[in-house]
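The values are calculated or read from the model by the stated rules, or taken from the named source; none is laboratory data. Predicted model, so just to flag it, every value in this text is computed and none were measured. All Cβ positions, even for glycine, are placed from backbone atoms using ideal geometry, and neighbour counts span all protein chains on display. SASA here: full protein model, heavy atoms, side chains in, ligands and nucleic acids out. Shrake-Rupley method; radii C 1.70, N 1.55, O 1.52, S 1.80 Å.
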Amino acid sequence: MPWRTRVGIGLLLAVLAAGCTRTPPPPPPTPSPPVSGLRTQRPYQINGIWYYPLPSAEGYVEEGTASWYGSDFHGRPTACGERYDMFAMTAAHKTLPLGTYVKVTNLENHRSTILRINDRGPFVAGRIIDLSCRGAQELDSYRKGTARVRVEAVQYASEEKLGTNTYWRVDPVPSFRYGQFTIQIGAFREQPNALKLKDRMSRHFDGAQIVQAYEKGCILHRVQVGMYRDLLLARKELDSLRIHGFSDAFIVAVEGQ
């Protein structure tokens, strides 16, 4: 049997912004500490729409419209806790794991570059990725504002030049299918509520447990169920939990396993 619960995450709205020719002050030299991996996996809501970050970037390829954002967001916190630097090789994506490297190819001129996902967005219909100003310059799309692109998750990339042309040698993202995964179905400030749900779920799961964590100065009691070595099995159980009322449950990768 199956189940789930919600822990929303407030993430920065990344949108298209002009002004790449302006030269704003550099971002603060000491960025804010990144948020934990668990936090970035949580579903989040923007403008009434729920987004569910992917647990893995394995095999990710998508084609669509890319935009870019610049000086209006320069120096502001990104979803991963860093300060946005419009001159860095980064990008925003709605669901790829933060920290994923992607190869972005402009399908209109076949130029490509490698960017690191450190923010969420773009939350504009029909757009799949928001490039930094520098990324848009590399793809020769910043003057136009948008471009048709292909986005591919990569593990490692190295730049090679042949005459005046630049090429990227890339290795695909390795499989993250096998490891140690559990499913979080609830998070409570009051421990008795967490214990009640854990006891209820213990009748259906051998691995029901409560994991305590500090968040915003408070202790959260997170109820997690099951332990899976195969991500596909965890996803199957997750689907069942959602059908049985735990619509906000999500998979957690267990660290150190």
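Couple of notes before you dig in:
- If you go through region 228-257 and pick out every residue that is over 21 Å from the mean Cα position of the chain (by Cα) and of a type in the set (A, V, I, L, M, F, W, C), you end up with 4.
- Qualifying positions in region 54-69 - at pLDDT 85 or above and crowded, with 21+ Cβ neighbours inside 10 Å: ALA66, SER67, TRP68, TYR69
- So ARG83, is it at pLDDT 80 or above and in contact with a Gly (Cβ under 6 Å, 6 or more places away or on another chain): yes
- Residue that is nearest to PRO77 (Cα to Cα) [pool: residues in region 123-140 that are in a loop (DSSP other than H, G, I, E, B) and open to solvent by 10 Å² or more (accessible area, probe 1.4 Å)]: PHE123
- Residue-level check: of (1) modelled with pLDDT of 85 or more; (2) open to solvent by less than 60 Å² (accessible area, probe 1.4 Å), PRO43 misses just (1).
- For ASP171, the test of being of a type in the set (D, E, K, R), part of a strand (DSSP E or B) and modelled with pLDDT of 95 or more is failed.
- Residues satisfying the stated conditions in region 45-62, i.e. among the small types (Gly, Ala, Ser) and either in contact with a Pro (Cβ under 9 Å, 6 or more places away or on another chain) or within 13 Å of ILE117 (Cβ to Cβ) (or both): SER56, ALA57, GLY59
- Candidate set from region 203-257 (those that are open to solvent by 50 Å² or more (accessible area, probe 1.4 Å) and either touching a Cys at 6+ places or on another chain (Cβ under 7 Å) or of a type in the set (Ser, Thr, Tyr) (or both)); member that is modelled with the lowest pLDDT: TYR214
- All conditions in (1) modelled with pLDDT under 90; (2) touching a strand residue (DSSP E or B) at 6+ places or on another chain (Cβ under 9 Å); (3) of a type in the set (D, E, K, R) hold for GLU190, with the sole exception of (1).
- Checking every residue in region 65-82 against the condition of being over 22 Å from ALA253 (Cβ atoms) and of a type in the set (A, V, I, L, M) gives at least one match.
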